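First the structure, in the form of structure tokens, and then the observations on it.
The values are calculated or read from the model by the stated rules, or taken from the named source; none is laboratory data. Quick caveat, the model's predicted, so the values are computed rather than measured. Note that each Cβ is placed from the backbone with ideal geometry, even for glycine, and that neighbours are counted across all protein chains shown.
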Amino acid sequence: MYENLLFEKKGNVAIVTVNRPEKLNALNDATITELGKVFEEVKNDDEIYVTILTGAGEKAFVAGADIKELNAMNVVGGEAMSAKGQGVFNAIENLGKPVIAAVNGYALGGGCELAMACHIRLASEKAVFGQPEVNLGIIPGYGGTQRLARLVNPGRALEYILTGDMINAKEAFRVGLVNHVYSADELMNKAMELAEKIASKGQIAVRMAVKAVVATKETSQNEGQKLEAGLFAVCMGSEDFKEGTSAFLEKRKPEFKNK
Ligand code: COA
């Protein structure tokens, strides 16, 4: 059981909801700890193939780190806080299974950083993205300077980080921060549809693909391709590979067993 999260499973899809709507789902220390725990649970649960991460209520995905807690911090605490958040968000990115952010409202500061740690981002028309930390006299500390620069380019990332300006869903789509924009009513259904489509594939291939693409952040083209060749070979050692190719040749739907 979690105090600040909701966690449910629908078939092979898990839904994690940050649940502090009265504080716009701001990430206090307890919530960061719980996010670490829930994604450990997701990692260890073989029945979970895909996870959707969203925020409770109609206003926010996550409106950032908890500013009340921030206000009481100092230099030493700040470094530890940043390292802890970075560790949890890195664990999400390196989960080895796909995580889809369904951004239903404000995704600011740590909220934008959390969405960026997910593998795929979908947004509702109500979504608002931004890194407004500069207004608080700080910079993004949960990986945002690095992920935003890689996702939208360094110049654009710096403009958002240095001004604290927020962008709407349409602009987030235009700059490549989100894959799709849906109406607020449609968002969770579309996220579920995408999750179920991915869950219907052979999960060995899905996981190798996630691993290969996540690795692009740390590898050169050459090293990445070596990794790709190894992961490609792992797929070929699977029963799913035999099943997928045989099903194609026999003109039938494959029945993957994730073996
Ligand atoms: N940390 C702690 N509490 C937060 C919060 C945060 N990041 N964001 C919102 N809240 C709280 C507010 O203090 C308020 O609590 P209260 O009702 O006890 O006063 C409640 O959530 C609702 O927020 P409110 O500001 O009244 O909503 P709004 O619709 O007027 O404004 C925002 C929405 C998102 C524009 C505004 O809340 C905001 O700017 N939040 C901070 C965003 C930010 O700087 N994030 C980066 C943090 S590093």
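Counting only helices (runs of 4 or more DSSP H) that sit wholly inside the range 100-210, those with at least 1 residues that are surrounded by fewer than 24 Cβ atoms within 10 Å (Cβ to Cβ) and β-branched (Val, Ile, Thr) are 144-152, 154-163, 187-199. Can you tell me which residue within the range 37-58, out of those that are among the charged types (D, E, K, R) and outside any helix (DSSP H, G or I), is farthest from VAL210 (Cα to Cα)? Result: GLU58. Within the range 84-132, restricting attention to residues that are polar (S, T, N, Q) and within 16 Å of the ligand (Cβ to nearest atom), the residue that is nearest to THR216 (Cα to Cα) is GLN86.
Within the range 206-244, if we keep just the residues that are farther than 19 Å from LYS259 by Cα and basic (Lys, Arg), the residue that is modelled with the highest pLDDT turns out to be LYS226. Of the residues that make up the range 52-61, is at least one farther than 23 Å from MET166 by Cβ, in contact with a strand residue (DSSP E or B) (Cβ under 6 Å, 6 or more places away or on another chain) and hydroxyl-bearing (Ser, Thr, Tyr)? No - not one qualifying residue is present in the range 52-61. Listed by first and then second residue, the pairs linking a residue in the range 11-29 that is part of a strand (DSSP E or B) to a residue that is of a type in the set (Gly, Ala, Ser) and within 16 Å of the ligand (Cβ to nearest atom), with Cβ atoms under 6 Å apart and 6 or more places separating them unless they lie on different chains, are THR17/ALA56; VAL18/GLY55; LEU27/ALA65; LEU27/GLY110. State yes or no: is ILE161 β-branched (Val, Ile, Thr), free of Cβ contacts under 8 Å to residues at least 40 places away in the same chain and within 13 Å of the ligand (Cβ to nearest atom)? Against the criterion (β-branched (Val, Ile, Thr), free of Cβ contacts under 8 Å to residues at least 40 places away in the same chain and within 13 Å of the ligand (Cβ to nearest atom)), ILE161 qualifies.
When you look at LYS251, is it modelled with pLDDT under 95, charged (D, E, K, R) and either over 25 Å from the mean Cα position of the chain (by Cα) or surrounded by fewer than 11 Cβ atoms within 10 Å (Cβ to Cβ) (or both), yes or no?
Here the answer is no, as LYS251 does not meet what is asked.
Assessment of the range 48-58 against the conditions (within 18 Å of the chain's Cα centre (by Cα), within 17 Å of LEU151 (Cβ to Cβ) and surrounded by 16 or more Cβ atoms within 10 Å (Cβ to Cβ)) yields at least one matching residue.
Rundown of residues vs (1) surrounded by fewer than 16 Cβ atoms within 10 Å (Cβ to Cβ); (2) of a type in the set (Asp, Glu); (3) in contact with a helix residue (DSSP H, G or I) (Cβ under 9 Å, 6 or more places away or on another chain), yes/no style:
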residue: LEU5; (1), (2), (3): no, no, yes
residue: THR17; (1), (2), (3): no, no, no
residue: GLY36; (1), (2), (3): no, no, yes
residue: ALA60; (1), (2), (3): no, no, yes
residue: ASP66; (1), (2), (3): no, yes, yes
residue: MET73; (1), (2), (3): yes, no, yes
residue: PHE89; (1), (2), (3): no, no, yes
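The set of residues in the range 59-87 being of a type outside the set (S, T, N, Q) and part of a loop (DSSP other than H, G, I, E, B) consists of LYS59, ALA63, GLY64, ASP66, ALA72, MET73. A search for C-beta distances below 6 Å between a residue of the range 123-149 that is among the β-branched types (Val, Ile, Thr) and any residue that is near the ligand (Cβ under 10 Å from one of its atoms), counting only pairs 6+ apart in sequence or on different chains, returns VAL128/TYR106; VAL128/MET166; VAL134/GLY164; ILE139/GLU133.
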